[in-house]
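Asker: First the structure, then my questions, so here it is.
Please treat every number below as a calculation from the coordinates, not as lab data. Predicted, not measured: the structure shown is a model, and the values here were computed from it. Every residue, glycine as well, gets a Cβ built from its backbone with ideal geometry; the counts of neighbours run over all protein chains shown.
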Amino acid sequence: MSSSTQPLRVLQKHWKLTFIAVFSLSIAMALGVIVLGVSNTFLLLPPAGVAPERLVMIHSRTLEKAIDQVSYPDYQYYRQNNHVFTDVAAAPDSVGVTVTRVGTRAVSVVSRPVSDNYFKVLGIQPYIGRLLEPGDDIYRCA
């Protein structure tokens, strides 16, 4: 018996174990490809704006924190008195998670509050319908 056919005979003899190993490896490789694709999309690719190299983030600086969020009144002031940027949009660091029941399934919806001009500043257009418009801003002061 040649040495090249011996491993094949062992795999053929233990075909159930071979099937489980091949199936497990294919699932692991598929998950690896999915994880790499998702991480590439969210971590490595630039934002989906028209000119992502022209986007900047504005932060405030306090004695306690080197980088802090800008308050909503400050954001309104920057937007109204802007003479440098094309426009100013707001996207706070807070993220909300809502869990809703649909039949017997629990559906989680992840949301992030943004200003009414957020998508316009990024240059994102909807495929169908509309995005936010002026007046949709939920952080308006009453």
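Asker: Among Ser60, Ser71, Ser24, whose mean-square fluctuation peaks in a Gaussian network model of the chain (Cα, cutoff 10 Å)?
Answerer: Ser24
Asker: Also, quick follow-up: For the chain, return all DSSP H helices satisfying: extent of Cα atoms along own axis at least 30 Å; mean Kyte-Doolittle hydropathy at least 0.5. Write out the running numbers ahead of the final one.
Answerer: Numbers: long enough: 15-39 (36 Å, 1.99).
Both cut-offs are met by 15-39.
Asker: Can you give the FRET efficiency to the nearest 0.05 for Val56 and Val33, using r as the Cβ-Cβ distance and R₀ = 35 Å? If you can, show how the numbers build up before the last one.
Answerer: Numbers: r = 34 Å, r/R0 = 0.97.
For Val56 and Val33, the calculated efficiency is 0.55.
Asker: Before rounding to the nearest 500, sum -39500 (n - 2.57) across all DSSP H runs of length at least 4 in the chain and divide by the residue total; then give [θ] at 222 nm in deg cm²/dmol.
Answerer: -10000 deg cm²/dmol
Asker: Follow-up. Along the positive direction of the dipole of the chain (beta-carbon charges: Lys, Arg +1; Asp, Glu -1; about the Cα centre), which of Val35, Ser111, Tyr127 reaches farthest?
Answerer: Val35
Asker: On to the next question. Which of Tyr127, Tyr78 comes first, and how do the rest follow, when ranked by fewest Cβ neighbours within 10 Å?
Answerer: Tyr127, Tyr78
Asker: Using 0.36 nm per residue, how much length does the chain from Thr5 to Val99 gain when fully extended, once their Cα-Cα distance is taken away?
Answerer: In short, 28.2 nm is gained.
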